[in-house]
Amino acid sequence: MKKRLFVALVALFLACSMILSSQSGQQTAGLFEQPLLITSAGQNAEVQIAAVLAKRTGLNYTLAKLATAKDLENMKTLVLVMGTSLKGLGAAGLDMDKERERVTGLVAAAQKRNIPILCLHLGGESRRGQQTDELISEFLPLARMALVVKSGNMDGIFTRICQEKNIPLVEVEKTVDVLAPLQKAFK
């Protein structure tokens with residue numbers, strides 16, 4: 001009797017898990033079209049990782065670390081890789097104000113052209129801080145979806161903003177785990 005109850009409970013748990021998985025998959029599957037423009041919001045190194053992930057998933061993408069509105073020509077999705085790097089800003093000859101201005105102009109141009117935004121945060125907790133949080137607060141509410149490494153959301157900033165704005169949020173344990181949901185997000 002106990003064994004049957006245990007088996008029934010396990011089966012119920014698995015069924016509920018599959019239902020929840022499919023619901024979350026429905027929210028994020030096919031939200032975006034190709035080609036996509038990948039750029040950094042904060043001049044982080046993770047923008048290169050995003051390009052490698054896009055390549056590994058077979059997506060048609062262009063990487064432009066200093067993308068502007070003109071780079072959106074013929075693009076159907078804008079991918080913002082969130083995370084501030086002072087070293088990256090310095091190497092690009094930018095300060096935070098200039099970077100924010102660049103990203104603001106890019107996002108405004110994307111909105112004007114009805115190009116949806118996918119926000120990625122791949123740097124985890126080490127790529128968080130006041131400047132990154134300001135970028136997240138400013139640009140994440142404009143996204144159609146967010147894909148983040150869990151350790152970068154320990155304080156729940158992505159969860160809070162995504163819930164408030166009804167934005168699908170996918171969290172993964174490790175950067176390599178981004179591959180499947182990234183591929184699924186594109187038609």
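The values are calculated or read from the model by the stated rules, or taken from the named source; none is laboratory data. Because the structure is a prediction, the values reported are computed rather than measured. Don't worry about glycine lacking a Cβ; one is built from the backbone with ideal geometry, like all the others, and counts go over all protein chains shown.
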Margin query: With the structure loaded, tell me whether Leu106 is at pLDDT 95 or above, buried (at least 21 other Cβ atoms within 10 Å of the Cβ), more than 15 Å from the chain's Cα centre (by Cα) and not polar (S, T, N, Q) or whether it fails that test.
Written below: yes
Next item on the list: Would you mind telling me which numbered condition in (1) farther than 20 Å from Gln43 by Cβ; (2) at pLDDT 95 or above; (3) in contact with a strand residue (DSSP E or B) (Cβ under 8 Å, 6 or more places away or on another chain) Phe186 fails?
Entry: (2)
Notebook entry, point to check: How about region 114-146: which of its residues are surrounded by 13 or more Cβ atoms within 10 Å (Cβ to Cβ), more than 13 Å from the chain's Cα centre (by Cα) and not aliphatic (A, V, I, L, M)?
Noted result: Glu125, Arg127, Arg128, Gly129, Gln131, Thr132, Asp133, Glu134, Glu138
Margin query: Quick check on my filter: what residues within region 20-41 are at pLDDT 95 or above and either at positive phi or assigned to a loop (DSSP other than H, G, I, E, B) (or both)?
Written below: Glu33, Gln34, Pro35
Next item on the list: Considering only region 144-183, state which residues are among the β-branched types (Val, Ile, Thr), more than 22 Å from Thr57 (Cβ to Cβ) and in contact with a strand residue (DSSP E or B) (Cβ under 9 Å, 6 or more places away or on another chain).
Entry: Thr159, Ile161
Check: Give me the pairs: first residue in region 48-67 and among the small types (Gly, Ala, Ser), second residue in a loop (DSSP other than H, G, I, E, B), beta-carbon distance under 8 Å, and six or more apart or on different chains, which are they?
Finding: Ala50/Leu122
Next item on the list: Considering (1) touching a residue at least 40 places away in the same chain (Cβ under 8 Å); (2) under 14 Å from the mean Cα position of the chain (by Cα), say which one Ala91 fails and leave the rest.
Entry: (2)
Checklist line | Segments classed as helices (runs of 4 or more DSSP H), wholly inside region 69-187, with at least 2 members that are more than 15 Å from Thr39 (Cα to Cα) and among the β-branched types (Val, Ile, Thr) | finding: 157-165
Notebook entry, point to check: Of Thr77, Thr84, which residue is of a type outside the set (A, V, I, L, M), within 16 Å of the chain's Cα centre (by Cα) and at pLDDT 95 or above?
Noted result: Thr77
